[in-house]
Amino acid sequence: MKLSVAYNWDPTFIDEVVKRDYPVTDFYASAQHTTIGGGRPSSILPETSEKMIKSHIQKMHDNGIEFTYTLNAACMGGQEFVKETHVKMIKELEAIQDAGADGVVLAIPYLIEIVKEQFPGLKIRVSTVAKVNAVNKAIYFEKMGADSISPDVMINRNFKLLQKMVEGTRCTLDLLVTDGCLYECPYRLYHYCLTGHASQTYNNRDAFIDYPVIKCNIEKYSNPAEIMKCRWVRPEDLKHYEAIGIHLFKIGGRRLTTDRILASVKAYSEQEYAGNLANIIEGFAFENGGIKSDPNKKMGSANAKECKANLIIDNTKLDGFIDFFIEHGESCAENCGTCSYCEKWAEKAVILDKHGAEMFLNNIREFHQDLITSREFGLNLDKKKSPTKKNGMTWDPSAEKNFETIIERSPSATRSMARMLIASLAEKKARNRGAQVVENQDVASAFLEGVPGPFQKSIKKGLKELGIKAEA
């Protein structure tokens, strides 16, 4: 078992890894911003210099550790075909090679072919950003010149597909095990486009608001089952991946402090962890443990409230969780909307401070509302003071808030339709009462009447948690 670990440009990190004899074979990182760009915005990464990067790489080499330079932006906006930018990009790759880098992480196929042709001494690792989720896709990247592939994290629990990928390509598979993104996240591609552009030298790097993280947090903190659906891998379960031929595991977190990343390295090196998984995987506590705070004040303020939720994913209660996926992981893509497996495990292992979580959700929902109404950009400011209306009817603020809370817990694939149908039904209930304002009782009746039988139990539970009497 070997580890590929995110690096934050703290040289003491190298010392700690060597001193503790952790099985780290390479570190990966990048300068704060580059021509190609990467998977993290410049604003949350440490400042670097060519001299500093070169000295750190030399220190790694002195200790038998390789360095992989991360250039995994999903998009360059076509700048790779503009002569001036293209020349800068080639010079940058030359500088990376001269600094002693052993390889590069890339997501754009054209760049993979450039490196293979012009820089054959650099090993090529295909980023998880490239979404390699099929054997044939892995073979295509191998033909382009890839030496290793970080598969799409969404197939992390599809053991049959991963095994076929191992058998079907000569590339080494480098599995990212600390990813806490939503399962089949609809914001993921957009997120990588945003972060890529926010780390490129020729773009306005200040034009970045992490909208995908806002939506991600609303989903996870509204419905803890989504936390269990995320494709992170427990330290104890690495042995199951080794059994199918995967021996290189990737730990993320180059935006994090050394102690945070070391905690993950320790857990995965020892293949056991008796603590809170949220502390060793990414996707949670964006402000706590980061090298820098989010430069957007509202985003930073919203994220700062996350600690109030006091999220705990109790790893000691998750023995056996992986078993279902070893046997049936390939079925998740088609059955996730009807299966309750992760929901049951969330009830067992996920703990949230209810009041704190609601405080956090209120904070990020308010910022989200400012973004989608354009109030964040100085438009529609008067709407903030106006009562909310849907289809001409006024909604009590409490009723609307509870309505949105329950809607956010519904499957993402049917959420838009559910929002429209249940809202219409709630307004109908209010009119039947002769009322001009939709109240909580109308919301409860609408959900109980409009939601199919198999989901009634979940709806009743949600209404009860919100303090709403469940009466059809």
Residue count for the range 149-181, restricted to those that are surrounded by fewer than 22 Cβ atoms within 10 Å (Cβ to Cβ) and of a type in the set (Gly, Ala, Ser): 2
Close pairs (7 angstrom Cβ cut-off, 6 or more residues apart or separate chains): of a type in the set (S, T, N, Q) in the range 354-369, modelled with pLDDT under 85 and assigned to a helix (DSSP H, G or I) anywhere: Asn363/Ala302; Asn363/Lys305
Where a residue in the range 253-272 is part of a helix (DSSP H, G or I) and its partner, wherever it lies, is among the hydroxyl-bearing types (Ser, Thr, Tyr), with Cβ under 7 Å and at least six apart: Thr258/Thr12; Ser264/Thr178; Val265/Tyr22; Ala267/Tyr273; Ser269/Tyr22
Conditions (1) in contact (Cβ under 8 Å) with a residue 40 or more places away in the chain; (2) assigned to a helix (DSSP H, G or I); (3) of a type in the set (Phe, Trp, Tyr); number of the one not met by Tyr190: (1)
From the options Ser416, Ser340, residue that is of a type outside the set (A, V, I, L, M, F, W, C) and at pLDDT 80 or above: Ser340
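Does Phe321 meet the test of being outside the structural domain of Glu465 (by TED's automatic domain parsing), in a helix (DSSP H, G or I) and crowded, with 16+ Cβ neighbours inside 10 Å?
Answer is no for this residue.
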Residues within the range 210-237 that are over 17 Å from Phe284 (Cα atoms) and not in a helix (DSSP H, G or I), tallied: 0
Positions within the range 428-439 being at pLDDT 85 or above, surrounded by fewer than 21 Cβ atoms within 10 Å (Cβ to Cβ) and either closer than 25 Å to Glu347 by Cβ or touching a strand residue (DSSP E or B) at 6+ places or on another chain (Cβ under 7 Å) (or both), in sequence order: Val437
In the range 227-257, residue surrounded by the fewest Cβ atoms within 10 Å (Cβ to Cβ) [restricted to those that are of a type outside the set (A, V, I, L, M) and at pLDDT below 95]: Thr257
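The values are calculated or read from the model by the stated rules, or taken from the named source; none is laboratory data. Source: prediction; values computed, not measured. Here Cβ is always computed from backbone atoms with ideal geometry, including for glycine, and neighbour counts include all displayed protein chains.
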